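The values are calculated or read from the model by the stated rules, or taken from the named source; none is laboratory data. Just so we're clear, the structure is a prediction, and the values are computed from it rather than from any experiment. A quick note on method: Cβ atoms are made from the backbone with ideal geometry, for glycine too, and the neighbour counts reach across all protein chains shown. Please note that ligands, DNA and RNA were not included when accessible areas were found on the heavy atoms of the full protein model with its side chains. Shrake-Rupley method; radii C 1.70, N 1.55, O 1.52, S 1.80 Å.
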Amino acid sequence: MTAISTQGLEKRYGGGIHALRGVDLEVERGEIFGLIGPNGAGKSTLVKVLLTIVRRSSGTATLLGQPVGHRPTLAKVGFLPEHHRMPRYLTGRQAVLYYARLLGMTKREREKRSDEMIDIVGMSHAAHRKLGTYSKGMQQRIGLAQSFVNEPELVVLDEPTDGVDPVGRVEIREVLLRMRERGTAIFLNSHLLSELETVCDRVAIMLDGSIRRQGTPADLAGAPRWRLAYEGEPLNGHTHSDFIFDGDNQEAQRHLDTARKAQRVVTHFARESISLEDLFLAEVRDTQGDQS
Amino acid sequence: MSLLIAMFIDTWRELTSRFLFWIVLAISAFIVLMLSSVGFDETGISLWWGISHSDHELLRRGTRNLEVVYRAFFSDVLVGFWLTYAATFLGLISTASVFPDFLSGGGVDMLLAKPRRRASIFIAKFLASLLFAAVPVTLVCLGVLISMRMALGIWEFEILYALPYVLLFYSSLFAVCVLVGTVTRSALASLLLTVVIWGLFLAASAVESTAGFAYDQIQQDIERVQNGDDSPRKRRRRGRPPPPVAEADLDEFDRDNLDSESEELIAESSPDSVFDRAARLESLEEFAANAAFTEKVASWVRWPLPKGIEIIDLMRERITPEDDPNFFIAFGMTMSGQPIELAETVGSLADQVTDNILNARKVRQSDAYVLGTTALFQLITLGLAIGWFSRRDY
């Protein structure tokens, strides 16, 4: 059974805004799935449709095997929205307890799980301070604690490391990995592509309301990419003596042999890694090219 | 139930984080404290918890004046003015932002993603927000109840009627505030529009009452004209005590030396005066018809609106016996040494003179009508707000 499944999901807002244009997506249980896309691509709308904060125009979607909007299922889902605003008059602990109560948890469960999650996100020292006195990063951690308080089967996180310092990011990443080990599926929206690449089992690139590519970061990267540089004139029709090419190991060996046979001094030869950022930017440029 | 409890706890924390809430609570507590500092014994009144004492014939334990003044102070000043108008206005200022904040992006998202019906979330938040009014009213009611027991030795449990009536009054205005806040998501817009709409309610009520009052007066005038009881002489006479001596014999008057009253008497018996009376009657009837029409239109307009003034009148009727004068009359009488037993005659006369014109005509409508139409207005207003909240994308 999948954690999230959508088929042909569409959302049209008033004013002719077509935010989702037939989104097809599958997120498996126990995996961390990353969604990337530029501002306005429809990522937040997709999340809101899944959690019934926004109503879909057409298409189907299920959460944990149930149609979206099935209330008992929502009790098994954790959520942290982008730019969330928790009540500033509550302390960190009160906030986590408040959202736990809204999830229908018993008093004993609430208190036990709240303290546990506050400890996991490293906020025990400030749990009794008002949220109004927290930094952005501290608020983000408390937000993360409330999203995991009900031991959810699925957690949807929209920019969870927004405003968090590098050390905090690493800690949050560790929390996510720990939750995955417990079998929780995590759906992650983030602009930080390197972060997604590090932590996600699979990613999808969303552009202009639809999913353009999805798969594991390795799948998306495709064939290996190499860089070869040597001194002297370019060989075999190349225009530069420092160039990048795609191919397997044999192909790379062939390029290297050609340079050596021609008495060129090789100054650089290495397998280049294709980052998610490269892929993403290439996809965005393609889309912009198509549109123009 | 857990949703309601969560909302009550959350809203209580929210209210206690607001400065105005504490201001209202502090003023209410101060008033109750001041009231409790006044004590009475068999000889008179003591102030500042017995520090100062003065003998008084009427303001002492066991007198009716004391009970009436105390009760009227509660219903007319503490509830009728402070809790109903001043504290309600401060309450609206303080709570106008509750729903716009509640619906702000990032805040409402987290609530809507929880396994709760949107309507349940909304209703729970609305009920919890009424704490702003409920807490000061409860404080005042209980404070006065205890103060009265201490000062007069009696338990006046009727005082507790103020709680549901003031809450109904406040919630009907707050429902408007919530509807506007839900649609516009602006605290300023919801406050301003609520105050404007409150003003319109009062204006409609004033028009209805004034037209009704005018109609009553004209009917009395018509009756007098029909009975031939409207001559300037008689009209003047109604306003003064009868002359100490018998009226002059008309047969023996000196025509060259008539006083003005005698001239009027002669004029009234002429054929012209009969014509004048008919014309006056026609004019009055036309005026009465216009007043009746205005009252009817105002009454139709008011039918679906909350009946704020009438609710407070109903509360006063529950708390104070019908023949009790209002606080200012009772206090004035007591200070001038008049026992309140005279209230039935003096009070009714004084009411006509001093009561606000809006209160002069008692609305001839049942409790069920006043409370029912107000509750219906609130239900419809809230229904619209819930409908908007439930269907909207956030």
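Some notes on this structure:
- Single unsatisfied condition, B:Ala119 versus (1) buried (at least 22 other Cβ atoms within 10 Å of the Cβ); (2) within 14 Å of another protein chain (Cβ to nearest Cβ): (1)
- Helices (runs of 4 or more DSSP H) (entirely within segment A:192-292) containing at least 1 residues that are at pLDDT below 75 and either open to solvent by 90 Å² or more (accessible area, probe 1.4 Å) or within 30 Å of A:Glu31 (Cα to Cα) (or both): A:217-221, A:276-291
- Counting only residues that are part of a helix (DSSP H, G or I), at pLDDT 50 or above and surrounded by fewer than 16 Cβ atoms within 10 Å (Cβ to Cβ), segment B:352-394 holds 14 of them.
- Residue that is nearest to the chain's Cα centre (by Cα), among those in segment B:87-107 that are surrounded by fewer than 19 Cβ atoms within 10 Å (Cβ to Cβ) and not in a loop (DSSP other than H, G, I, E, B): B:Phe89
- Helices (runs of 4 or more DSSP H) wholly inside segment A:42-141 containing at least 3 residues that are crowded, with 19+ Cβ neighbours inside 10 Å and on the phi < 0 side of the Ramachandran plot: A:43-50, A:92-102, A:107-120
- Single condition B:Arg61 does not satisfy, out of (1) assigned to a helix (DSSP H, G or I); (2) within 30 Å of B:Glu156 (Cβ to Cβ); (3) away from chain A (no Cβ under 11 Å): (1)
- Within segment B:24-41, the set of residues being open to solvent by less than 60 Å² (accessible area, probe 1.4 Å) and under 19 Å from B:Thr88 (Cβ atoms) comprises B:Val24, B:Leu25, B:Ala26, B:Ser28, B:Ala29, B:Ile31, B:Val32.
- Screening the candidates A:Glu28, A:Glu82 for the property of being more than 24 Å from B:Ser104 (Cβ to Cβ) and not hydroxyl-bearing (Ser, Thr, Tyr) yields one hit, A:Glu28.
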